[in-house]
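Before any comments, here is the structure.
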Amino acid sequence: MPEIKQYPNKLGLKGWVVGGKWGPERYLYTLHRVTGLGILLYFVMHIFVTASRAISQEMWERAMAGVTGTIFLVGEYLVFVAFAFHALNGIRLALIELGVLTGPAEQPIYPYKSSLNVQRPFMVVMMILVLVVVLAGGWDFFIAAGH
Amino acid sequence: MSNETEQLQNYIFRVRRYDPARDDEPYFEDFTVPCGPGMVVLDGLWYIKEHLDPTLAWRSSCRMGVCGSCGMLLNGKPHLACHTQVRELTKEILMVAPLPNFDIVRDLVPDLAPMLEKHLKLNTRIIREDVEEVLEPTDQYWQDPDDLTAYLQFAYCIKCGCCMAACPTLATDDIYSGPMPLTQGYRYLIDTRDGAFKERKKILSSEIGPWRCHYAGECSAVCPKGVDPARAIQLMKRELVWDYIRLGKRRHQKPVGLLPKERRATERREGIAEAPEFTIDGAVSPAEQP
Ligand code: HEM
Ligand code: SF4
Ligand code: SF4
Ligand code: FES
């Protein structure tokens, strides 16, 4: 039999952005990934910078001098924002993935309600909490700290 | 009659075309289709095939949302073509494309084979140890309404692949089984007649299992049958975690033909119709069991 040519139609990385966009949970999914990787990147940098203290006081001061200034302050705040979102959304995900917030199987009756509807109030509460933490953090970073 | 034609209105069907013998890349082609109230996208495709271009290819069969053949991307969202009214989706232009995350065979025909292969890998059938009983049944497999409810929602799946096209994890991950196969995996995992939890667990704990799902929930947002694959997958994770922490506790198949004594009716209430005859020779009704 001759080989039948088919056109590959996997969405690839584009799928994280455009594939499916019918609920807020889908954006939280992408954001959770991106913040997870962002915090990981920060974590690696953090290890390198703090490791300099083990070499000498002078290295530590040089390393710290390299990471000051407005860009790093804003960067640090972004890490804080990412962490606040990742941690609070992570609690939601953990509860969902343990089947606590999905609800049990039920009869599908049109218009369909799904587990998305069951977890949504909790999602809203968590996102409000994220907002509160992010604003409080912003006040602390930029105003209270007196930069 | 004139009333009927008055109600017809022209819509542009912007259809993604691809002929493997001729084209290197898919492209869009516009067709003008007169649509009346209640007309579904599938009717429009038939109109194109009969009046405008007989070479247009798609897959459909039952035309009533049962066979799962006609999943397509309609204005960017996976739907069944036979189950979606044109006027519900658009006032003017309707984009019709094959389901993404599947290779395109031709025009609107996706290659669903990889999904069905993954489905098979998850042992989507009831497996029991008592082979003799399966081959020579002596009684029915009793289940109570709760046993049924636990899997019924997931048994409504028609394998249309809409959920697979919506899943952002599948977009980058070839190994992940995806919502349809995993939902069916859960449907059998949770069935009280099934006795293969141990073997299922081994497969589900591997990389084809549910752990690559991160609850984007898009599968449940698009499922035309209300199956809620995202729920099935999370409940599956719960089953696996539960089993993991309660070390040693194992799920067992219910013995065939044994309904718990306390649940059996001892006296027949008035006005209840007789049950139909048993279809299996030698079967005993619950009331008569020892
Ligand atoms: C209180 C703190 C944290 C909580 C509650 C938390 C929670 C979670 C949860 C529940 C997941 C799984 C999500 C899913 O299955 O969809 C996850 C994923 C992840 N986390 Fe965290 N996390 C925390 C801190 C961190 C930190 C400090 C890092 C980096 C050093 C990190 C990096 C990641 C990464 C890379 C992923 C994978 C994302 C993906 O594959 O989509 N997390 N987190
Ligand atoms: S779960 Fe729903 S969307 Fe997915 S294949 Fe089954 S019926 Fe189609
Ligand atoms: S809930 Fe899981 S299976 Fe469903 S779309 Fe999201 S990642 Fe895919
Ligand atoms: S033709 Fe059977 S589901 Fe649409």
Quiz prompt | Hey, residue B:72 closer than 29 Å to residue B:225 by Cβ, aliphatic (A, V, I, L, M) and open to solvent by 20 Å² or more (accessible area, probe 1.4 Å) or not | solution = no
Quiz item: Are any residues in segment B:207-242 more than 7 Å from chain A (Cβ to nearest Cβ), open to solvent by 20 Å² or more (accessible area, probe 1.4 Å) and over 16 Å from residue A:23 (Cα atoms), and if so, which ones?
Solution: B:207, B:208, B:211, B:212, B:239, B:242
Quiz prompt | Every residue from segment B:129-166 that is among the charged types (D, E, K, R), modelled with pLDDT under 90 and surrounded by 15 or more Cβ atoms within 10 Å (Cβ to Cβ) | solution = B:133, B:139, B:147
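Hey, can you tell me all the residues within segment B:220-240 that are within 14 Å of ligand 1 (Cβ to nearest atom), in contact with a Ser or Thr (Cβ under 6 Å, 6 or more places away or on another chain) and of a type in the set (A, V, I, L, M)?
From segment B:220-240, those within 14 Å of ligand 1 (Cβ to nearest atom) are B:230, B:233-234, B:236-238, B:240; that's our starting set.
With in contact with a Ser or Thr (Cβ under 6 Å, 6 or more places away or on another chain) added as a condition, the list becomes B:230, B:234.
Residue satisfying the conditions is B:230 alone.
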Exercise. Could you list, in sequence order, all residues of segment A:66-107 that are buried (at least 19 other Cβ atoms within 10 Å of the Cβ) and either within 16 Å of ligand 2 (Cβ to nearest atom) or within 13 Å of chain B (Cβ to nearest Cβ) (or both)?
Key: A:86, A:89, A:92, A:93, A:96, A:97, A:99, A:101, A:102, A:105
Quiz item: Under the condition of being of a type in the set (S, T, N, Q) and in a helix (DSSP H, G or I), which residue from segment B:141-182 is farthest from the other protein chains (Cβ to nearest Cβ)?
Solution: B:169
Exercise. From (1) in contact with a strand residue (DSSP E or B) (Cβ under 9 Å, 6 or more places away or on another chain); (2) open to solvent by less than 40 Å² (accessible area, probe 1.4 Å), pick out the condition that doesn't hold for residue B:62.
Key: (1)
Practice problem: Would you be able to tell me the number of residues in segment B:75-103 that are touching a helix residue (DSSP H, G or I) at 6+ places or on another chain (Cβ under 7 Å) and open to solvent by 50 Å² or more (accessible area, probe 1.4 Å)? | Solution: 2
Self-check item: Whichever residue in segment B:127-140 is touching a residue at least 12 places away in the same chain (Cβ under 8 Å) and more than 24 Å from the chain's Cα centre (by Cα) and, among such residues, is nearest to the other protein chains (Cβ to nearest Cβ)
Solution: B:140
Practice problem: Please specify each residue of segment B:183-211 satisfying the condition of being under 23 Å from residue B:141 (Cβ atoms), free of Cβ contacts under 8 Å to residues at least 60 places away in the same chain and in a loop (DSSP other than H, G, I, E, B). | Solution: B:190
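The values are calculated or read from the model by the stated rules, or taken from the named source; none is laboratory data. As the structure is a computational prediction, the values presented were derived from the model and not from experiment. So basically every Cβ, Gly included, is an ideal-geometry build from the backbone, and we count neighbours across all protein chains shown. What goes into the accessible areas is simple: the full protein's heavy atoms, side chains included, and nothing from ligands, DNA or RNA. Shrake-Rupley method; radii C 1.70, N 1.55, O 1.52, S 1.80 Å.
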